[in-house]
Each structure stands twice: as structure tokens, then as C-alpha cells.
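Remarks on the structure that follows.
Taken together, the values in this text are just the output of simple stated rules run on the coordinates, not laboratory data. The model shown is predicted, which means the values in this text are computed figures rather than measured ones. Here Cβ is always computed from backbone atoms with ideal geometry, including for glycine, and neighbour counts include all displayed protein chains.
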Amino acid sequence: MSRGHFYADGDIAEIYRWFAAEAAATSPTWQAVSEWVARTASIADRLAGLPGMKRQPQLFLAALRRLDAPLTPGPALEGWIAHHWDAVQRTILTHSTQTNEVGRCAVHLPLLAGLAAESGPIALVEVGSSAGLCLLPDAYAYRYRFDDRPELTLGAGTPVIPCRISGATPEQVTYASPAIAWRCGIDTAPLDPTDPEVAAWLRALIWPGQAEREDRLAAALATATALGAATGRPPVPVVTGDALEALPDVVAEARRHADTVVVMHTATLSYVSRDRRARFGALVGGLGARWISCEGERVVPEVRDRLASGTYDGPPCFVLALDGRPLARVGQHGGWIDWL
Ligand SMILES: C[S@@+](CC[C@H](N)C(=O)[O-])C[C@H]1O[C@@H](n2cnc3c(N)ncnc32)[C@H](O)[C@@H]1O
């Protein structure tokens with residue numbers, strides 16, 4: 001899985017400079033720490049010794065947060081890391097970047113609702129579902145703000161997820177709560193949203209200075225926990241397995257519950273090697289499912305090849321696509337949709 005990946009193969013200073021730029025718009029703390037790592041040989045050398053995908057910056061940075069490191073770049077942090085390296089390394093080796101960001105539900109929702117409006121209740125499969133929180137889009141509420149029409153509030157649950165919309169809304173899209181007949185996640189390492197240790201790690205994965213994301217996570221975990229308690233079952237069923245290997249069986253099961261099966265993934269295919277990513281779209285199409293992808297613009301080959309190159313100079317974003325066709329640029333943690 002790690003072969004052919006920037007995190008696994010790249011130079012640590014280069015990886016951290018790249019990540020500093022990614023974090024600049026939303027987390028000055030991670031930007032500053034990442035720039036410092038890139039120019040501090042003693043830290044870069046330690047990180048270079050981590051295996052494969054464990055060299056991912058988000059993982060080291062989350063370990064710092066989970067272990068309450070001082071987050072100001074400089075000698076104090078360098079000394080803290082030297083003193084706590086065993087614990088940092090253990091945390092990195094036993095955890096993964098499984099950020100479960102319900103803010104993303106606001107960008108999935110209009111497309112899910114559009115598909116449900118077209119064909120009736122859908123069966124929803126999320127690949128890379130982490131704690132399953134993005135499989136409950138109908139349990140939360142949304143506040144959509146538009147450039148050219150009044151604000152729209154949807155749903156009655158918590159959290160209330162804000163999202164700014166610009167650009168012309170495509171015809172496939174409906175601003176409504178989708179009818180979901182059945183849902184299931186697939187993850188190599190599913191997390192239990194009712195476990196306090198899981199909650200603490202998911203919180204550590206949130207970038208410093210983003211209190212609203214922490215509040216949203218806490219509210220979504222409470223909603224998932226309440227749903228589980230009400231039914232006596234896990235709040236969301238998740239199959240343990242690999243995206244490509246588990247998908248055929250899960251889609252076959254999904255088809256028993258709805259005519260339209262939607263396979264969705266956000267911030268997941270970037271963890272899959274490039275050659276396997278290139279097979280994913282054809283796999284979904286071959287299973288007769290609709291495909292919503294929401295990933296970095298270079299992650300999904302079908303999406304990357306259809307985007308006009310070199311024309312975008314906005315903040316770091318994901319590209320929301322339906323069946324491989326790009327429909328919008330969106331905030332990496334939700335927050336905004338710019339329809340193309
Ligand atoms: C960054 S999290 C994103 C979680 C969720 N999609 C969200 O947007 O909040 C990526 C998830 O993908 C899972 N994952 C990574 N590689 C996978 C694979 N090959 N098959 C299934 N899941 C995978 C990880 O375990 C992790 O939970």
C-alpha cells in the first residue's frame with residue numbers, strides 16, 4: 001500500500017514544506033511547526049526513519065497533540081520530542097490518520113439528495129469510513145449560505161454544519177436531506193465512535209485553532225452514540241477490509257436494500273497506492289453503483305484528467321465528482337462548495 005506514495009518515498013523536508021502550505025490557510029500552528037520540521041535536521045532525521053505511510057505529517061502532528069507537546073517551534077519542542085520520542089513513535093505506529101470530519105457531510109449532502117430524488121431511497125457505502133460519522137448525513141442539520149438566494153437550514157439534528165455555496169448549482173443536485181434505505185462503511189481499521197479513546201484520538205487529529213471542528217466532532221459523536229443506544233446496535237455498520245477487495249460483496253449486499261447504490265469516499269483514496277487508485281473508478285462502475293468522490297484534485301485519475309489544468313489559484317481544496325465528472329471544488333473539511 002505504501003509503495004509509490006509521496007509520504008512513503010518523499011524527502012521529509014519536502015513533505016513538511018508541502019504540508020505547511022496545505023495548513024497555511026486554516027492552521028497557522030501546524031504551518032509553523034511543519035516549516036520548523038522541514039528545516040530542523042534532528043527532527044527530520046527521526047521522521048525519515050519511520051516506516052512507509054507512517055511518515056505522513058498529520059500523524060506525527062496528531063501524536064504531538066495527543067501527548068500534549070508544547071506546540072511552539074524551537075528548542076523547547078525539539079527537547080520535548082527527544083525526551084518523549086518513544087511515546088511519540090509508539091503513538092504513530094499504533095494509530096492512523098483517521099480524521100472523521102462531519103463538516104464534509106455538507107458537501108456530500110446535495111449530491112446524495114439529488115441521487116435519491118432521481119431514483120428513490122439510496123443504499124450508501126462509504127469507503128474509508130473511519131468512525132462512520134459521515135454515514136449519518138441525515139442525522140445532522142445544515143446551514144447553507146448562498147451568494148444569490150436566502151440562507152437555507154436543513155434537518156433538525158446536531159451538529160449544525162455551516163456551508164457557503166458559490167457558482168451555479170448543477171442540475172444533479174438538490175438541497176434536501178437524502179432518503180437513505182441502508183448504509184455501511186468499509187475501513188481497514190474501523191473506529192468505534194462510542195469509545196472515549198477513539199474520541200480523544202479523533203480530537204487530536206483536528207488541527208490546532210479549529211475549535212468549531214472540535215465542537216462539531218463532539219456533537220457528532222454524541223449523536224452517533226445516542227443512535228447506537230436507541231437501537232442497541234453499533235450506530236453505523238462498518239466492514240473491516242480493504243476498499244477494493246471488500247467493495248464487491250458490500251455493494252452486492254447494498255443492492256438488496258435499494259435500486260441505487262452510491263459508493264462514496266472522501267480523503268481516502270490518497271491513502272491507496274497510485275496503481276490501485278487507478279482501478280477504483282472502473283471497479284465501482286463495473287458493480288453498477290454511482291460514484292461520489294471527494295479527494296484532492298490529483299488523487300482520482302478520472303477527475304484529474306477532466307479538470308482544466310493550471311487555472312485554479314484558490315485555497316487548498318478537494319474536488320467533488322460524480323461518476324468521475326468533477327462538479328465542484330470544496331473545502332477539505334467541508335465549509336464551502338464552489339460549483340464548477
Ligand atoms: C482520513 S480518514 C477519512 C474518513 C472519512 N472518509 C471522513 O472523510 O471523515 C481515511 C480513512 O480511510 C481508511 N483507509 C485507508 N486506506 C484504506 C483502504 N485501502 N481501504 C479501506 N479504508 C482505508 C483509514 O483507515 C481511515 O479511516
A careful count of residues in segment 90-140 that are aliphatic (A, V, I, L, M) and more than 19 Å from the chain's Cα centre (by Cα) gives 7
Residue hits (segment 253-271; within 12 Å of the ligand (Cβ to nearest atom) and not in a strand (DSSP E or B)) are 267, 268, 269, 270, 271
Here the qualifying pairs (Cβ atoms under 7 Å; residues six or more apart or on different chains; first in segment 242-260 and crowded, with 19+ Cβ neighbours inside 10 Å; second outside any helix (DSSP H, G or I) and aromatic (Phe, Trp, Tyr)) come out as 254/182; 258/182
For residue 106, state whether it is assigned to a helix (DSSP H, G or I) and within 13 Å of the ligand (Cβ to nearest atom). yes
In segment 109-126, anything surrounded by fewer than 24 Cβ atoms within 10 Å (Cβ to Cβ) and in a strand (DSSP E or B) is listed as 123
Given (1) surrounded by fewer than 15 Cβ atoms within 10 Å (Cβ to Cβ); (2) within 30 Å of residue 243 (Cβ to Cβ); (3) under 25 Å from the mean Cα position of the chain (by Cα), residue 28 misses just (2)
Apart from one, (1) in contact with a helix residue (DSSP H, G or I) (Cβ under 9 Å, 6 or more places away or on another chain); (2) assigned to a helix (DSSP H, G or I); (3) over 21 Å from residue 157 (Cβ atoms) all hold for residue 72; the odd one out is (2)
All-but-one check, residue 178 against (1) in contact with a Lys or Arg (Cβ under 9 Å, 6 or more places away or on another chain); (2) crowded, with 17+ Cβ neighbours inside 10 Å; (3) closer than 23 Å to residue 117 by Cα, failing number (1)
